[in-house]
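Visitor: Okay, handing you the structure first.
Every read-out reported here was derived from the displayed coordinates using simple, explicitly stated rules and does not represent laboratory data. None of the values given here were measured: they were computed from a predicted structure.
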Amino acid sequence: MKKYYFKEKFFKLTDKYPILDENGNEVYFFDQDFKFVGYKAKLKDIDGKVLFDISKKILSFLQTYYVDFYDGSHMEINQKLSFLKRKVEINYQGERFSLKGSIMDHDFEVYYKNNLIAEMNKKFFALTDQYELTVYDENYSLLLIALCLCINEMKDRDDAAAAASSN
């Protein structure tokens, strides 16, 4: 089992922050590119080597993210229509993963072949988005980090759209 901690900065134009392990050591660095349209980001290891790129499909009714890993593998994350809970379809190299979330949209469980492989928990009372990712199957660590980053971006866009529609 391994734990990772994500904490966004308070003042930002784009997300750029380290991802820490359970000992508080920086193990990865998340770096979002500034774009007027779309979304582009990457995850680097501590030596600056890019491990994967994330991009967002520009024209779609529901959000779709693409993750291209530098080993040549690929993941697609699709938001599905749902009224009470976040529903997301995850396809990694032809394999399906499932995400189950709470109604409050703060706690998520990730399953592969009916086995719990990770939990994502968003800190409830915080000025910035803060997540704890607990990985039970370390073979999928990078995939799960990518998923957590995409879920955070998906939530941010949904929250921004809800705030804009209420004005």
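Visitor: Of 3/100; 100/122; 3/57; 16/40; 2/40; 7/113, which ones are farther than 23 Å apart at the Cα? Walk me through the numbers on the way to the answer.
Guide: Values: 3/100 19 Å; 100/122 14 Å; 3/57 29 Å; 16/40 12 Å; 2/40 27 Å; 7/113 30 Å.
Correct reply: 3/57; 2/40; 7/113.
Visitor: Between residue 49 and residue 98, 0.36 nm times their residue separation minus their Cα-Cα distance comes to what? Could you put the intermediate results ahead of the total?
Guide: On the way: separation 49, 0.36 × 49 = 17.64 nm, distance 2.89 nm.
Once the chain is fully extended between residue 49 and residue 98, it gains 14.7 nm.
Visitor: Enumerate the aspartates and glutamates that residue 80 could reach by cross-link, defined here as Cα to Cα under 14 Å, with residues fewer than 8 away along the same chain left out.
Guide: The qualifying aspartates and glutamates are 89, 158.
Visitor: Sticking with this structure for a sec: Tell me, rounded to the nearest percent, the portion of alpha carbon pairs in the range 20-119 spaced more than 22 Å apart. Before the final figure, lay out the partial values.
Guide: Values: 2139 of 4950 pairs.
Tail of the P(r) past 22 Å holds 43 percent of the pairs.
Visitor: Ok, one more. Rounded to whole Hz and in sequence order, give me ³J(HN,Hα) for the range 106-114 from the Karplus expression 6.51 cos²θ - 1.76 cosθ + 1.60, θ = phi - 60°, writing x for Gly and Pro.
Guide: Rounded to whole hertz, the list is 10, 10, 9, 10, 10, 10, 10, 6, 6.
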